[in-house]
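Input: a single structure, listed below in C-alpha cells.
The values are calculated or read from the model by the stated rules, or taken from the named source; none is laboratory data. What you see is a predicted model, and the numbers here were worked out from it, not measured in a lab. Glycine gets a Cβ as well: all are built from the backbone with ideal geometry, and neighbour counts include every protein chain shown. Surface areas here come from the heavy atoms of the whole protein model, side chains and all, with no ligands, DNA or RNA. Shrake-Rupley method; radii C 1.70, N 1.55, O 1.52, S 1.80 Å.
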Amino acid sequence: MAITTAEPLVMSETQRAELARMATSTMLPHRQVVQARALLWAGDGVANEEIARRVGVDSDAVRRWRRRFAWKGTSGVGVIAKGRGRQSSLPPGTVEEVLRLTHKELPPDGSTHWSTRSMAARVGIGKDAEGNNLYIGVSDL
C-alpha cells in the first residue's frame, strides 16, 4: 500500500530540531510527544490521514495540530485548547476551600485529618464529587 503525501508542513530547522527533541522525550506529556511526532511527519509530507492512522487519532485532529503549529510554532505543541475537556461541576471556589481547610483547619470532631466524607459535608458537596479529584495535588503542595 502506497503512502499518500501532502504538502509538507513548513518549518524552520530550529523548529524541526525542537520537534525532534519533543518527539523523543521521556519527560514531556504523552500528548506533546505524539503531536511533535505527527508534526515531524507532516513536515516530511505524509498525508493527514496516514499521520492520523499512525498516532491513532482523527484526521481532523492532525489538521488542527498543523494549523496551531503554523500559528504558534512549537509553543502550541501539546496545548489543550481553551474550552476543551471536561468542565468542573463543582461550584466556583470549592477546590480552593478544600485546600484551605486541609492546610489550615482540623475537623470539628477532633480528628487529626479530614476524611473524604467529613470534607464533603463541610464544603457542601457529595463525597464522590469529581471522582475525589479534590484531593489530587493536596499532597503535592
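Here is how the numbers come out for the structure above:
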quantity	calculated
Sequence-distant residues sharing a close amide H with residue 46 (under 5 Å, placed H)	6
Charge sum, other residues only, whose C-beta stays under 13 Å from residue 111's C-beta, Lys/Arg counted +1 and Asp/Glu -1	0
Cα-based radius of gyration of the chain once divided by 2.2 N^0.38 Å, which approximates compact folds	1.52
Region 8-141: relative contact order in percent, alpha carbon pairs under 8 Å with at least 6 residues between	17
For the chain: accessible area per residue (Å², 1.4 Å)	66
³J(HN,Hα) computed for each position of region 74-80 - Karplus, 6.51 cos²θ - 1.76 cosθ + 1.60, integer Hz, glycine/proline x	5, 5, x, 6, x, 7, 8
Cα gyration tensor, region 15-83 - rounded (a/c under 1.5), prolate or oblate	rounded
Structure-based [θ]222 nm, the chain - -39500 (n - 2.57) summed over DSSP H runs of at least 4, per residue, nearest 500	-14000 deg cm²/dmol
Förster-model FRET efficiency, 41 Å R0, residue 13 and residue 86, C-beta, rounded to 0.05	0.60
